[in-house]
Amino acid sequence: MYRVPAIAALVALAACKPEPTPQGWRPHGPVADGIFAPMGQPMPSASPEQLEIFERGREVALRRFTLGDGLGPAFNVTFCVSCHEKPAFGGSAGLYRNFFIGGRETSDGAFFFAESAGNDSGVIRMYAYDTEYSSRPLVPEDTNIIAQRNPIPFFGVGLLAELSDDEILRRSDPEDRDGDGISGRPNWDRGFVGRFGMKSQTVSIEGFIRGPLMNHLGITSDPLLEEQRAQLPVDSSSGSVGALWRDRLEGLRAFLQAAAPDGPLSDDDEIPDPELSGQELFDLVSFSMLLAAPQPEAPTEASLAGMQRFDEAGCGDCHTPRLFGPRGPLPVYSDLLLHDMGPDLDDGLVMKDATGAEFRTQPLWGLSPVGPYLHDGRAETLSEAIAWHGGEATRSRDAWLALGEGEQADLIEFLQSLGGRDQLSGGLIPPDTPMEPPLTLGGPSRALDAEEEARFLRGRDVFDHEFGFDSGVGGPRFNGDSCRACHFEPVIGGAGPRGVNVMRHGILTEGGDFVVPSVGTILHKETTLRGHA
């Protein structure tokens, strides 16, 4: 069994400048081999055939769907990477890609997801190209809960799919029998332990992809065939299920085949269903499963000191440093369980067994470049994200607040060392990207001297820079969090797809007069409101 080394020994080793540590060794213990690569790249263990599939899946993720392909009739975005672009394909996104989930809580406490343009998933659609719906689909009047979501990254999800249910369940303590104030519990998805989504509401990567394709793009699909699931990078066929679960799976088979997103999905546009082929879905799911885990940095004196603060504050009670899969120890820094995060983060959404205040422990690997943070992107920095913790995390949050400035800086240094910092930028342009040649798309209109080129690059960085809630975005409404948010097709400075269309609205009186609303004619997509809105 792998054990976490003693912190005192680690700090002493750092001070003594030890011999190079064995391959796979990291603070908090060994890690599996062959799982790390720059964000957006496949795992080194991928076979040549899998690499070909990865590239095909990447093309599906980048495909701009049109109305002729089946986009809509109601949608939020036009391609997968719209919401998974930062700092590379498969990642997260800025505030301009936040979306909304609505629902209705009844007087007796029951919860029902809201309908939006014919879809009852709760996802509120922003655009509709159909005479049956308003151009901005209306939210049902009885909707009394609306919560924001910021997209989450897919890096390393194939490794999480390989984890056994028992590996997650062995850390569950719903009754807090050990009295440590931490009562993590699993969320269940059709009899299996959920691990994907803000509330661990999904167990299947296939389902986690097919749902958003339908809810955000209006793209229909059929479930993968059993033979296809067996050929995925992570075998997801019924034959891969252990004997302990096989009877349960057989008992659920009829339900699995009938209930979305495990059954065929359809919509009422003129394009035949399914709008995504089985091969395209297979490639897209494979692409997601093959995305590598972020490469952590070599330990330094500062990051080791920060790790000590991390452990002393009890952060690892939920952000478990290692989960153990078939490849070995994974530095996920999550138990993938649900925890009550307190009233300030309660979004009111009930998902499977998760209450409004319960959220999955977010994995910390690759944390640096995927902000903003928390489920709705309200935290612009890691320090803010920690300060928002409540509920079961109150004790750890208070320990963080009690640290001195230097100790807090060390802890942040440790978190940033968990992978991806070398890909961090102010927006989407990778660090140290050179200027495009003159007279090419994205480049200047003429040759520039050195001073002009430096000014051009500074201006490009400002154009690309994403602003957060605390740096002034919104007033309180907004459409983009950067200039680039609406101008990136085919390069930075270009146009934008339908998913960033700007809408205008107004009041047409019975007399035929047009009246400008008090908020102006721009019908914004986003808002700075927090909590349940």
Condition check for residue 396: hydroxyl-bearing (Ser, Thr, Tyr) and outside any helix (DSSP H, G or I) | no
Does the stretch 297-308 contain at least one residue that is more than 24 Å from residue 399 (Cβ to Cβ), crowded, with 21+ Cβ neighbours inside 10 Å and out of contact with any strand residue (DSSP E or B) (no Cβ under 9 Å at 6 or more places or on another chain)?
-> no
Has the stretch 221-234 got at least one residue that is in contact with a Lys or Arg (Cβ under 8 Å, 6 or more places away or on another chain) and either at pLDDT 95 or above or of a type in the set (Val, Ile, Thr) (or both)?
-> yes
Filtered residue count, the stretch 361-378, keeping only those that are outside any loop (DSSP other than H, G, I, E, B) and either in contact with a Leu (Cβ under 8 Å, 6 or more places away or on another chain) or surrounded by fewer than 22 Cβ atoms within 10 Å (Cβ to Cβ) (or both) = 3
Taking the stretch 268-325 and keeping residues within 19 Å of residue 216 (Cα to Cα), of a type in the set (Asp, Glu), in a loop (DSSP other than H, G, I, E, B) and modelled with pLDDT of 95 or more leaves 273, 275
Taking residue 27 and the conditions (1) at pLDDT below 95; (2) crowded, with 21+ Cβ neighbours inside 10 Å; (3) at positive phi, which numbered condition does it fall short on, given that it satisfies the others?
-> (3)
Hey, residue 130 more than 29 Å from residue 362 (Cβ to Cβ), at pLDDT below 95 and either among the charged types (D, E, K, R) or in contact with an Asp or Glu (Cβ under 7 Å, 6 or more places away or on another chain) (or both) or not = yes
Residue that is modelled with the highest pLDDT [pool: residues in the stretch 365-415 that are under 25 Å from residue 528 (Cβ atoms) and of a type in the set (Lys, Arg)] = 397
Looking at this structure, is residue 217 buried (at least 21 other Cβ atoms within 10 Å of the Cβ), farther than 26 Å from residue 100 by Cα and in contact with a Gly (Cβ under 9 Å, 6 or more places away or on another chain)?
-> no
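Given the residues 88, 61, 46, which is the only one that is under 17 Å from the mean Cα position of the chain (by Cα), small (Gly, Ala, Ser) and assigned to a loop (DSSP other than H, G, I, E, B)?
Numbers: 61 fails: assigned to a loop (DSSP other than H, G, I, E, B); 46 fails: under 17 Å from the mean Cα position of the chain (by Cα).
Going through 88, 61, 46 in turn, just one is under 17 Å from the mean Cα position of the chain (by Cα), small (Gly, Ala, Ser) and assigned to a loop (DSSP other than H, G, I, E, B): 88.
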Sole residue being touching a Gly at 6+ places or on another chain (Cβ under 7 Å) and crowded, with 24+ Cβ neighbours inside 10 Å, chosen from 345, 291 = 291
Hey, residue 98 hits all of (1) under 21 Å from the mean Cα position of the chain (by Cα); (2) over 26 Å from residue 379 (Cβ atoms); (3) among the polar types (S, T, N, Q) but one; which does it fall short on?
-> (2)
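Rundown of residues vs (1) surrounded by fewer than 17 Cβ atoms within 10 Å (Cβ to Cβ); (2) out of contact with any Asp or Glu (no Cβ under 6 Å at 6 or more places or on another chain); (3) in a helix (DSSP H, G or I), yes/no style:
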{"site": "418", "(1), (2), (3)": "no, yes, no"}
{"site": "427", "(1), (2), (3)": "no, no, no"}
{"site": "437", "(1), (2), (3)": "yes, yes, no"}
{"site": "453", "(1), (2), (3)": "yes, yes, yes"}
{"site": "456", "(1), (2), (3)": "yes, yes, yes"}
{"site": "467", "(1), (2), (3)": "no, no, no"}
{"site": "480", "(1), (2), (3)": "no, yes, no"}
{"site": "493", "(1), (2), (3)": "no, yes, no"}
Among the residues of the stretch 131-154, count how many are surrounded by 18 or more Cβ atoms within 10 Å (Cβ to Cβ) and more than 19 Å from residue 359 (Cα to Cα).
-> 3
Any residue in the stretch 399-413 that is free of Cβ contacts under 8 Å to residues at least 24 places away in the same chain, within 23 Å of residue 339 (Cα to Cα) and either out of contact with any strand residue (DSSP E or B) (no Cβ under 6 Å at 6 or more places or on another chain) or surrounded by fewer than 22 Cβ atoms within 10 Å (Cβ to Cβ) (or both)?
-> yes
Candidate set: the stretch 91-122, residues that are assigned to a strand (DSSP E or B) and of a type in the set (A, V, I, L, M, F, W, C); chosen: the one farthest from residue 138 (Cα to Cα) = 111
Look at residue 73 and say whether it is of a type outside the set (Ser, Thr, Tyr), crowded, with 17+ Cβ neighbours inside 10 Å and in contact with a helix residue (DSSP H, G or I) (Cβ under 7 Å, 6 or more places away or on another chain).
-> no
Tally, over the stretch 363-394, of residues that are touching a residue at least 12 places away in the same chain (Cβ under 8 Å) and closer than 15 Å to residue 344 by Cα | 17
Residues in the stretch 71-123 that are of a type in the set (Ser, Thr, Tyr) and without any contact (Cβ under 8 Å) to a residue 40 or more places away in the chain: how many?
-> 2
When both residues are 6+ apart or on different chains and their Cβ atoms are under 9 Å apart, which pairs have a first residue that lies in the stretch 493-504 and is without any contact (Cβ under 8 Å) to a residue 24 or more places away in the chain and within 19 Å of residue 521 (Cα to Cα), and a second that is surrounded by 14 or more Cβ atoms within 10 Å (Cβ to Cβ) and among the basic types (Lys, Arg)?
-> 502/525
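The values are calculated or read from the model by the stated rules, or taken from the named source; none is laboratory data. Since the model is a prediction, treat every value here as computed from it, not as a measurement. All Cβ positions, glycine included, derive from the backbone under ideal geometry; neighbour counts span all protein chains shown.
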